[in-house]
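One structure is given here, and the rest of the page talks about it.
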Amino acid sequence: MISETRKLHLIEEVLKIKSESTLAALEDFLKKAKIKERKNKKTLMFQEFSGIWSKEEADEIERAIEESCETINPDDWK
């Protein structure tokens with residue numbers, strides 16, 4: 001079955017559920033699956049950049065952020 005067909009079949013099965021506890025368990029499972037997927041995605045995104053900069057380049061970027069981004073200019077808030 002292709003993905004869309006599988007999803008439709010799953011929806012049909014969910015609509016047949018009569019037990020509140022079964023529905024709650026399914027909701028809990030889907031919630032946990034989404035959280036796990038987000039964590040995996042964040043880890044993968046981080047890994048894409050891991051090791052790209054040298055120590056010196058990372059230090060330079062950190063200094064630039066500290067000098068410009070972490071400085072509050074009171075006139076900007078007027």
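What follows draws every value from the coordinates through simple rules; no lab data is involved. Since we're looking at a predicted model, the values are computed, not measured. Here Cβ is always computed from backbone atoms with ideal geometry, including for glycine, and neighbour counts include all displayed protein chains.
Numbers for the structure displayed
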| item | result |
| --- | --- |
| Kirkwood Rh in Å, taken over all unlike Cα pairs in the chain | 17.8 Å |
| Selected from Lys31, Lys16, Lys39 as most flexible by GNM, with the chain as the system and alpha-carbon contacts under 10 Å | Lys16 |
| Environment charge at Ile72 (Cβ cut-off 14 Å; Lys +1, Arg +1, Asp -1, Glu -1) | -4 |
| Theoretical ellipticity at 222 nm over the chain - DSSP helices of four or more residues, -39500 (n - 2.57) apiece, nearest 500 | -23000 deg cm²/dmol |
